[in-house]
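The values are calculated or read from the model by the stated rules, or taken from the named source; none is laboratory data. Keep in mind it's a predicted model, so treat the numbers as computed, not measured. With ideal geometry, Cβ positions are generated from the backbone for all residues, glycine too; neighbour counts draw on all protein chains shown. Keep in mind that these areas ignore ligands, DNA and RNA; they rest on the heavy atoms of the full protein, side chains included. Shrake-Rupley method; radii C 1.70, N 1.55, O 1.52, S 1.80 Å.
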Amino acid sequence: MKTLIIANWKMNPASQKEAVSLFKFYSNLSNKTKNKEIVVCPPFIYFSDFLKLRKGGIKLGAQDLFWEKEQGAYTGEISPLMLKNMKCEYVILGHSERKINLNETDEMINKKIKAAVSSGIKAVFCIGENRRDSEYKYYETIKEQIEKGLCEINKEFLKNIIIAYEPVWAISTNQNAEATQQDDILSIMALIRKTIMNIYKHKNALRIPILYGGSVNSENFNKFTELAGLSGFLIGGASLKPKELEKILK
Ligand code: PGA
């Protein structure tokens, strides 16, 4: 199985010129990469540039969508159908920055996941605790996020769900952020599988890819890659740096 690398560009870069140059860099690298599936999630405004420039097998992902599936009077929103029409195959949902800055709730995230997966777009559903406590209450937080996010999502759509475990404190833009320890990720992965299995009681629940995100860079990447059961990474900061990318995608 190829390692899934999802590049979350967030609100970067500021100009089309920079975005185009970064795309070109990705395209050239992707030709040399055999064992990685690369998904680039740029701001919407750069989607058409991406479609013109993409080479190799690079896929396009969005950083959000709206839960009304086609079109309508929803100022500022982008629908799953619009994304499908732009050949977008993935969407990041539930990212902690949207929860913090835009008050996105578990219910909103659930509606978005439903709209994405039933439209045939793969939902990269982000979960993760804000902080850790010595009584391991954060396990409960993670379990609850999964249960609410996947509420009433039929098992036929399991194939379109990817879980990204991103502890908020480990995201590189937070003060004193550092990547999680490998052992911790293993125990959270077990919790994720168990929670999803409890919801669906179906073998496909065991196949849901689990990604890790939070300060992943060229230095820690290989250690994480060795973790059994981890399908890939959601990468923010390092996905904007050509030197980092070169090492990660080689
Ligand atoms: P980071 O961001 O790799 O810069 O920590 C990851 C994310 O927020 O998705």
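Residues that are modelled with pLDDT under 90, in a helix (DSSP H, G or I) and among the basic types (Lys, Arg): does the range 221-244 have at least one?
yes
Restricting to the range 7-33, give me the number of residues that are open to solvent by less than 10 Å² (accessible area, probe 1.4 Å), part of a loop (DSSP other than H, G, I, E, B) and out of contact with any Ser or Thr (no Cβ under 7 Å at 6 or more places or on another chain).
Of the residues in that region, 0 qualify.
What tally of residues in the range 119-136 results from selecting those that are touching a Phe, Trp or Tyr at 6+ places or on another chain (Cβ under 6 Å) and more than 20 Å from Ser172 (Cβ to Cβ)?
The number of residues fulfilling the criteria is 1.
Quick check on this structure: which one of Ile162, Ile109, Ile113, Ile142 is without any contact (Cβ under 8 Å) to a residue 60 or more places away in the chain, in contact with a Leu (Cβ under 9 Å, 6 or more places away or on another chain) and within 21 Å of Phe224 (Cβ to Cβ)?
Just one listed residue meets the conditions, Ile142.
I need a count of the residues in the range 159-193 that are more than 10 Å from the ligand (Cβ to nearest atom) and either among the hydroxyl-bearing types (Ser, Thr, Tyr) or on the phi > 0 side of the Ramachandran plot (or both).
4
Can you pull out every residue in the range 36-62 that is surrounded by fewer than 13 Cβ atoms within 10 Å (Cβ to Cβ) and over 24 Å from Ala123 (Cβ atoms)?
Once the filter is applied, which keeps residues that are surrounded by fewer than 13 Cβ atoms within 10 Å (Cβ to Cβ) and over 24 Å from Ala123 (Cβ atoms), the range 36-62 yields Lys52, Lys55.
Restrict the check to the range 155-174 and report whether at least one residue is more than 23 Å from Leu4 (Cα to Cα) and modelled with pLDDT under 95.
Within the range 155-174, one or more residues are more than 23 Å from Leu4 (Cα to Cα) and modelled with pLDDT under 95.
Could you list, in sequence order, all residues of the range 183-201 that are over 21 Å from Phe233 (Cα atoms) and open to solvent by less than 50 Å² (accessible area, probe 1.4 Å)?
Tyr200
With the structure loaded, tell me whether Ile210 is within 23 Å of Ile38 (Cβ to Cβ), of a type in the set (A, V, I, L, M), more than 10 Å from the ligand (Cβ to nearest atom) and under 15 Å from the mean Cα position of the chain (by Cα) or whether it fails that test.
Answer is yes for this residue.
Tell me yes or no: at least one residue of the range 176-189 is among the small types (Gly, Ala, Ser) and closer than 21 Å to Ala116 by Cα.
No - not one qualifying residue is present in the range 176-189.
If only one of Asn204, Asn176 is over 23 Å from Trp9 (Cβ atoms) and part of a helix (DSSP H, G or I), which one is it?
Only one candidate passes the filter, namely Asn204.
What tally of residues in the range 202-250 results from selecting those that are among the acidic types (Asp, Glu) and either at positive phi or open to solvent by less than 50 Å² (accessible area, probe 1.4 Å) (or both)?
Residues that pass the stated criteria total 1.
Please list, ordered by residue number, the helices (runs of 4 or more DSSP H) wholly in the range 74-158 having 3 or more residues that are open to solvent by 80 Å² or more (accessible area, probe 1.4 Å), among the hydrophobic types (A, V, I, L, M, F, W, C) and more than 16 Å from the ligand (Cβ to nearest atom).
Answer list for the range 74-158: none.
Among the residues of the range 4-25, is there at least one that is among the polar types (S, T, N, Q) and without any contact (Cβ under 8 Å) to a residue 12 or more places away in the chain?
There is at least one residue in the range 4-25 that is among the polar types (S, T, N, Q) and without any contact (Cβ under 8 Å) to a residue 12 or more places away in the chain.
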